[in-house]
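Everything below concerns the one structure shown next.
The values are calculated or read from the model by the stated rules, or taken from the named source; none is laboratory data. Because the structure is a prediction, the values reported are computed rather than measured. Positions of Cβ are generated from backbone atoms using ideal geometry, with glycine treated the same way; all protein chains shown enter the neighbour counts.
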Amino acid sequence: MAPSLGADSDFPHVLQSHVPHVAIIGAGPAGLMAAETLAEAGCRVTLFERMASPARKFLLAGRGGLNLTHSEPRERFLQRYGEAARWLAPMLDAFPPARLRRWAEGLGEPTFIGSSGRVFPRSFKASPLLRAWIRRLDGLGVRLEARHLWTGWDGEGRLRFETSDGERSVAADAVILALGGASWPRLGGDGAWAPRLAAEGVEVATLRPANSGVLVDWSATFRERFAGAPLKRIALNLGERTVHGEAVVTARGLEGGAVYALAGAIRDVLDRDGEATLTIDLRPDLPAETIAKKLAAVRKGESTSNRLRKAAGLDPVAIGLMREAMPALPVAPDALAALAKAVPLRVAAVAPLERAISTAGGIARASLDERLMLRAKPGVFAAGEMLDWEAPTGGYLLQASIATGYAAALGLLAFLGREVPVLWEGGFQADEDVRSA
């Protein structure tokens, strides 16, 4: 059965009797999934990677526990991709969370759903999964060429690479670009591809940090005393948006899940207004009235810090944050409770791209056809984080990277006039079959 992602090829340039050579540039999750799909379809696949080994960022992301995907229902899951949800939806339906879980299980890494709804491999690590994946690709005949820095095309349309042995040109029947974004450049993704593609007539939205920390101009006293201290069970507010979770004070600002979830909105406010103010609810589980009554009940003579510690259950870093906002803390219980529920925090900037978890911006949707082929470069496809979409942490980044890698491979097979695999049947509905797997 022909899939909806473009099985009717308008470009049957390669005869069915010919084994096409496909070059995939970038050996992260999107590139690896594309390689697996194409090799299984009978293509000769070469993976080109600028680093010494594949999937360096994938390994780093899994160091504290590899979050593969999320178990949310489809509609809520798609909302995490914002404006990109509409065009990503067919790809996520073709390779949804249920399929990703079964794929991992096929590599010997069964998964489980955590209390937050996030999905993890039972080993909780990225390295066993990656080793099994590389073995599978090796068994399919995929060739990995490491330390190959892609620099564009030569005058005859061949791919150009810089290697330790000098410049190299490579011809391929079709190409998938899976070069990642520009976050954590020491792991391979530096965004150097953006001007190269722009020069070829490809529209590229400015690469910006996503899922990043924020920079705050702490006082020297606060920075020296509390850098590294956690803020647990808080709520961050920006305008009408509220995120519950945790954060960590750093020497330069705030990091952590609650911050990352608001990073895109903070970035956009900063771009628009030149400034942004977060408010921190230090006790989201208690209304201000309850905190005020507790503060009023503390015996007279107690210091303000002791009152906040005993009555409101605030630890030193939380009290320190209140003093950062208002060095002379109010005495009145109502005013003190109101401050604890909404500590204003002026954000100077979001952390730079090299410190961000992921990248916003990238190849504009208008520059791609429905198969993820570049309109300006027939036979060249793109996938993964280098496309213009962003999502929060929680499994959404990896899920979309793998799904777009798979979709680009299907589009490429259609372009070559090759047989395209049958799509996953049931989409997200099939998740119900594996929730207890």
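Annotation: of all residues in the stretch 193-225 being among the charged types (D, E, K, R) and part of a loop (DSSP other than H, G, I, E, B), the one that is nearest to residue 247 (Cα to Cα) is 217. Of the residues making up the stretch 4-22, at least one is outside any loop (DSSP other than H, G, I, E, B) and either in contact with a strand residue (DSSP E or B) (Cβ under 6 Å, 6 or more places away or on another chain) or at pLDDT below 95 (or both). Do you know which of the residues in the stretch 344-357 that are closer than 23 Å to residue 178 by Cβ and in contact with a strand residue (DSSP E or B) (Cβ under 8 Å, 6 or more places away or on another chain) is surrounded by the fewest Cβ atoms within 10 Å (Cβ to Cβ)? It comes out as 355. Within the stretch 205-229, the only residue that satisfies the criterion of being closer than 18 Å to residue 351 by Cα, in contact with a Gly (Cβ under 8 Å, 6 or more places away or on another chain) and surrounded by fewer than 17 Cβ atoms within 10 Å (Cβ to Cβ) is 206. Screening residue 60 with (1) surrounded by fewer than 21 Cβ atoms within 10 Å (Cβ to Cβ); (2) assigned to a loop (DSSP other than H, G, I, E, B) gives one miss only, at (2). Have a look at 367, 401 and point out the one that is buried (at least 24 other Cβ atoms within 10 Å of the Cβ) and polar (S, T, N, Q). Within the list 367, 401, the selection yields 401. Being among the acidic types (Asp, Glu) and modelled with pLDDT of 95 or more narrows it down to one residue among 354, 385; which is it? Going through 354, 385 in turn, just one is among the acidic types (Asp, Glu) and modelled with pLDDT of 95 or more: 385.
What number of residues within the stretch 86-122 satisfy the criterion of being polar (S, T, N, Q) and either in a helix (DSSP H, G or I) or without any contact (Cβ under 8 Å) to a residue 40 or more places away in the chain (or both)? Spell out how you get there, then give the answer.
First pass over the stretch 86-122, keeping only residues polar (S, T, N, Q): 111, 115-116.
Okay, now just the ones that are also either in a helix (DSSP H, G or I) or without any contact (Cβ under 8 Å) to a residue 40 or more places away in the chain (or both), so 115.
The number of residues fulfilling the criteria is 1.
For the condition surrounded by 11 or more Cβ atoms within 10 Å (Cβ to Cβ), outside any helix (DSSP H, G or I) and on the phi < 0 side of the Ramachandran plot, residue 280 qualifies. Residue 201 satisfies every condition listed in (1) in the same structural domain as residue 326 (by TED's automatic domain parsing); (2) more than 24 Å from the chain's Cα centre (by Cα); (3) closer than 30 Å to residue 380 by Cβ except (1).
Comparison of 425, 419 shows that the only residue that is in the same structural domain as residue 126 (by TED's automatic domain parsing) and at pLDDT 85 or above is 419. Annotation note: Cβ proximity below 8 Å between a residue of the stretch 148-172 that is among the charged types (D, E, K, R) and a residue that is modelled with pLDDT under 95 and in a loop (DSSP other than H, G, I, E, B) (sequence gap 6+ or interchain) occurs for no pair. Restricting the stretch 370-392 to residues that are crowded, with 24+ Cβ neighbours inside 10 Å and among the acidic types (Asp, Glu) leaves a set whose member that is nearest to residue 184 (Cα to Cα) is 385.
For residue 360, are the conditions met, namely being small (Gly, Ala, Ser) and either outside any strand (DSSP E or B) or surrounded by fewer than 19 Cβ atoms within 10 Å (Cβ to Cβ) (or both)? Answer is no for this residue. Being at pLDDT 95 or above and closer than 25 Å to residue 358 by Cα is not true of residue 162. Does residue 127 qualify as being surrounded by fewer than 14 Cβ atoms within 10 Å (Cβ to Cβ), assigned by TED's automatic domain parsing to the domain that holds residue 379 and polar (S, T, N, Q)? Against the criterion (surrounded by fewer than 14 Cβ atoms within 10 Å (Cβ to Cβ), assigned by TED's automatic domain parsing to the domain that holds residue 379 and polar (S, T, N, Q)), residue 127 does not qualify.
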